[in-house]
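In what follows, a single structure is set out as structure tokens and then discussed.
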Amino acid sequence: MTNQQQRVDAAFRERFGRPPVLAAAAPGRVNLIGEHVDYCGGFVLPMAIERETVMAAAPRPMAGNAPVARVHSTAFQETVEMRLVPGGSLPSDTPGWSRYVAGVIAGFLDRGATIPSFDAVIDSTVPLGGGLSSSASLEVATATLLAALADHAISPLDLAVLCQRAEHDFAGIPCGVMDQCASVLARHDHLLLLDCRSLDVVQVPFHRHDLLVLVTNSNVRHSLDDGGYAARRADCERAAAILGVASLREATLVQVEASRGEVGDKGFRRARHVVTEIARTQAAATAITHGRWDEMGELMAESHRSLREDFEVSCPELDLLVELAASERGVIGARMTGGGFGGCTVTLVEAARAEAVIAAVTQGYRRETGRDCTTFTTRPAAGARLMKETAFSTASE
Ligand code: ADP
Ligand code: MG
């Protein structure tokens, strides 16, 4: 068992007095390119990271007249009870974290699944709230586990969409579907080219085994107005309406340029980012497929510039991290990743140079900002999986 599996196993035994019999694991994700285009029906290129949420469980005989789940989070050191019946509303004092689980349970009940009483422990190595989608990994781990517990067949894509709906309806976050798709569909040593309009997926092989993906958290969050995200979405919808298209996915750069007068300077720049970022993402998938890594580096630099100048979602700390990384030897490319206004950057770096680059970036960041950034490296990891008892709790029986 891995350290994490041991921790989950021990927490389960301590909490519930018996071993878990099955577990599901689902990774967090990082997006290499294709930022702020998911809600415009564009392309994104995420990959799963080597950090995951594990949910271990064991069924329990039913007591009382309805099945009940007892779910414990090691991160919050809290156990929540949920009735497993359709339409069961959550008490208002339900902890926020359990809403993601409750939303996924509700999604299965809506599909007609019968979920038996069970106990579960959740443990995650994805940093919570760090922009690496611990929330989607929690949802997808829960869904993967429930499909097994309830013996309920569901396609990978339906599972991702169910998880997205759980986050919308139960956590109140109007997220795109990228995070859940990446957590479900990712493959080891592959990137996932996802068409957010059709939900078609292409697995892009990440051939260079000498490269690592370095994720650097700026550890800042400028929530000036937390309407930043909603405002960008609204800008894009307005630009699309003026252009007479359903979403900016349908617009060309020529159309966007021609409508500058009508859309206004800000709307023009927002639309230009989306249209060029969609093209860059497709170009990135092609470049990686054909081993043109210099081109990938240029596309990442151009993506960052567009997010900073046209979409205005970067910040000085992210710009600094990108600049520090990009000036180091052995770096293919670097850019901000995620919604922006803080959070993380992503850097493609030669494995042999990773330590030196991390040292240079960390020192430069501290020198310029007085702050510490947090870093980790990963290879493109596999998506969600179920671990049966043989692979899980028997080792310590
Ligand atoms: P991100 O997805 O970028 O990590 P979010 O704010 O979207 O950040 O999601 C973080 C929230 O997801 C946490 O505050 C918590 O409610 C829930 N969550 C994630 N992982 C866990 C966990 N291991 N246990 C309980 N809740 C979790
Ligand atoms: Mg999230």
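On a 0 to 90 degree scale, rounded to 10, what angle separates helix 316-326 from the longest Cα axis of the chain? So the helix axis and the longest Cα principal axis differ by about 80 degrees.
Each Cα pair under 8 Å and six or more residues apart adds its separation to the average, and for the chain the resulting relative contact order is 24 percent.
How do the peptides 173-186, 194-207 rank, highest first, by the average count of neighbouring beta carbon atoms within 10 Å per residue?
173-186, 194-207
Taking the Cα centre of region 1-95 as origin and assigning +1 to Lys and Arg Cβ atoms and -1 to Asp and Glu Cβ atoms, the resulting dipole is close to 420 debye. Relative to the longest principal axis of the Cα atoms of the chain, the long axis of helix 156-171 lies at roughly 90 degrees. For region 59-218, the relative contact order is 20 percent, taking Cα pairs closer than 8 Å that sit 6 or more residues apart in sequence and dividing their mean separation by the residue count. Annotation: amide H of residue 220 within the under-5 Å range of 343, sequence separation 5 or more or interchain, hydrogens built in the peptide plane.
Entry note, region 26-85: relative contact order of 25 percent, from Cα contacts under 8 Å with a spacing of 6+ residues. Neighbour counts of other C-beta atoms within 10 Å: give me 124, 92 arranged from fewest to most. Listed from fewest to most nearby Cβ atoms, that is 92, 124. By the count of neighbouring beta-carbon atoms within 10 Å, fewest first, 149, 191 end up ordered 149, 191.
For the chain, what does the convex hull of the Cα positions come to per residue, in cubic angstrom?
148
Of the peptides 375-388, 41-54, the order by per-residue mean of other Cβ atoms within 10 Å, starting with the highest, comes out as 41-54, 375-388. Highest average first, the peptides 257-264, 237-244 ordered by how many other beta carbon atoms sit within 10 Å of their residues are 237-244, 257-264.
Remark: the chain carries a charge dipole of roughly 380 debye about the Cα centre, counting +1 on each Lys and Arg Cβ and -1 on each Asp and Glu Cβ. Using the Karplus relation 6.51 cos²θ - 1.76 cosθ + 1.60 with θ = phi - 60°, the per-residue 3J(HN,Hα) values for region 73-87 come to 9, 5, 5, 9, 6, 9, 10, 10, 9, 10, 7, 9, 10, x, x Hz, with x marking Gly and Pro. The angle between the Cα long axis of helix 134-149 and the longest principal axis of the Cα atoms of the chain comes to about 40 degrees, rounded to the nearest 10.
Summarising the amide proton neighbourhood of residue 189: residues at separation of 5 or more, or on other chains, whose placed amide H is nearer than 5 Å comprise 381.
Our coupling estimate for region 337-344, obtained by passing each phi through the Karplus curve with A = 6.51, B = -1.76, C = 1.60 and θ = phi - 60°, is 9, x, x, x, 6, x, x, 10 Hz, Gly and Pro reported as x.
Under the classification rounded if a/c is under 1.5, otherwise prolate if a/b is larger than b/c and oblate if not, where does region 1-139 fall, given a ≥ b ≥ c as square roots of the Cα gyration tensor eigenvalues?
Numbers: a/c = 2.20, a/b = 1.39, b/c = 1.59.
It comes out oblate by the Cα gyration axes.
FYI, it's all coordinate maths here, none of it is from the lab. Owing to the predicted nature of the structure, the values given are computational and were not obtained by experimental measurement. Heads up, the Cβs are rebuilt from the backbone with ideal geometry, glycines too, and the neighbour counts pull from every protein chain shown.
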